[in-house]
1. Take the conditions in contact (Cβ under 8 Å) with a residue 40 or more places away in the chain, over 14 Å from PRO186 (Cα atoms) and in a helix (DSSP H, G or I) and apply them to ALA275. Does it pass?
2. How many residues are touching a strand residue (DSSP E or B) at 6+ places or on another chain (Cβ under 9 Å), in contact (Cβ under 8 Å) with a residue 60 or more places away in the chain and small (Gly, Ala, Ser) when one looks only at the stretch 254-272?
3. Just for the stretch 225-253: of the residues that are in contact (Cβ under 8 Å) with a residue 60 or more places away in the chain and among the hydrophobic types (A, V, I, L, M, F, W, C), which one is farthest from the ligand (Cβ to nearest atom)?
4. Does ASN117 satisfy the condition of being more than 26 Å from ALA275 (Cβ to Cβ), in a loop (DSSP other than H, G, I, E, B) and out of contact with any His (no Cβ under 8 Å at 6 or more places or on another chain)?
5. Can you tell me which residue within the stretch 29-40, out of those that are assigned to a loop (DSSP other than H, G, I, E, B) and either surrounded by 13 or more Cβ atoms within 10 Å (Cβ to Cβ) or on the phi > 0 side of the Ramachandran plot (or both), is nearest to the chain's Cα centre (by Cα)?
6. Only one of (1) more than 11 Å from the ligand (Cβ to nearest atom); (2) over 26 Å from LEU146 (Cα atoms) fails for PHE69. Which number is that?
7. In this structure, does VAL64 turn out to be surrounded by fewer than 18 Cβ atoms within 10 Å (Cβ to Cβ) and closer than 28 Å to GLY32 by Cα?
8. Take ALA78 and tell me if it is modelled with pLDDT of 95 or more, surrounded by fewer than 16 Cβ atoms within 10 Å (Cβ to Cβ), of a type outside the set (S, T, N, Q) and assigned to a helix (DSSP H, G or I).
Amino acid sequence: MPAITVLGSLNMDLVVRVASAPSPGQTVLGHGFEMIPGGKGANQAYAAARLAKQSGSVAMAGRVGADSFGERLKSNLAAAGVDVTHVSSSKNTPTGIATITVEDGGQNSIIVVSGANFDWDPASEAELESFFAASKFALFQLETPLPVIGKAMAIARAAGAFTILDPAPAQPLPPEILELADLLTPNETEAAMLLGLTGSILDHGDAEEAARRLRRLGTRNVMLKLGKNGGYYLGAEAFPVAPFPVTPVDTTAAGDTFNAALAVALSEGAAIQQAARFASAAAALSTTKPGAQTSAPSRAETDAYLSEYTR
Ligand code: RIB
């Protein structure tokens, strides 16, 4: 039975590459276009399956449309070994898409049109009890309806799973959702949004202080994802997470890969410090390849990178 369960979005990413993103009213020529499987939920499931030592340990629940994008997204996950039995089809709404602009420096901007990701029906919600039955680690993000996320987190908790909530894309969250998170993993802008601040938490003080304030909102543990600055963990113990020096070509889904790798390492019995190091390495590697699911590193690549780096 899958030990890692992911409830979340599946999007077809429509990726445009450009030297520099246009300002409002400006037209520029891009130099590449691709359709790449994405969606924060699907990216986490896909990366977890690539990183897990044991096959068959990852399952996903989500919604796609009854269309070719939906079929392609499901088959890509299945090819990586993700159980997609609980990815169901909406009759009314097309599969979600994301338009992604990637600049030559690797920076991206994303617009998501949620489509079927927001079209949950009572039958799909009813399946959540059996979906989480054997879950040890349950992963969530914010590209599905908040009431479904809340319900699913409560079910996962009751089943004994450790819940990991990635509060992305950034939005304020009520305490009843934050209290269901065993681990909250915001980046610096998501953390700022949760704390009612503008911009990045690092504009308002240090990471340690932000993590302390986030914990006071109700979540048990916090892992701040700080991109090229690494991260910061606050739980029963506290420690900074060292970044890995890479030259990024595309940062899309680096945060998703981080969460996937963290869950995989914890599910294999790693201590939190060791799991954070594994996650930081996998996320760094993902930025060296273009695309969302296309950039998820394998277990062999990640292990080799870590042992090369520690030599
Ligand atoms: O985190 C990256 C993802 O955000 C993309 O794959 C896109 O689909 C959006 O959901």
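The values are calculated or read from the model by the stated rules, or taken from the named source; none is laboratory data. None of the values given here were measured: they were computed from a predicted structure. All Cβ positions, even for glycine, are placed from backbone atoms using ideal geometry, and neighbour counts span all protein chains on display.
1. Working: in contact (Cβ under 8 Å) with a residue 40 or more places away in the chain: no; over 14 Å from PRO186 (Cα atoms): yes; in a helix (DSSP H, G or I): yes.
So ALA275 fails the test.
2. Summing the residues that are touching a strand residue (DSSP E or B) at 6+ places or on another chain (Cβ under 9 Å), in contact (Cβ under 8 Å) with a residue 60 or more places away in the chain and small (Gly, Ala, Ser) in the stretch 254-272 gives 4.
3. By that ranking, first place goes to PHE244.
4. Working: more than 26 Å from ALA275 (Cβ to Cβ): yes; in a loop (DSSP other than H, G, I, E, B): no; out of contact with any His (no Cβ under 8 Å at 6 or more places or on another chain): yes.
Judged against the criteria, ASN117 is not a match.
5. Filtering the stretch 29-40 down to residues assigned to a loop (DSSP other than H, G, I, E, B) leaves 29-31, 39.
Keeping just the survivors that are either surrounded by 13 or more Cβ atoms within 10 Å (Cβ to Cβ) or on the phi > 0 side of the Ramachandran plot (or both) gives 30, 39.
On the way: GLY30: 27, GLY39: 8 Å.
Only one residue fits best here, namely GLY39.
6. (2)
7. Working: surrounded by fewer than 18 Cβ atoms within 10 Å (Cβ to Cβ): no; closer than 28 Å to GLY32 by Cα: yes.
So VAL64 does not fit the description; no.
8. Numbers: modelled with pLDDT of 95 or more: yes; surrounded by fewer than 16 Cβ atoms within 10 Å (Cβ to Cβ): yes; of a type outside the set (S, T, N, Q): yes; assigned to a helix (DSSP H, G or I): yes.
So ALA78 passes the test.
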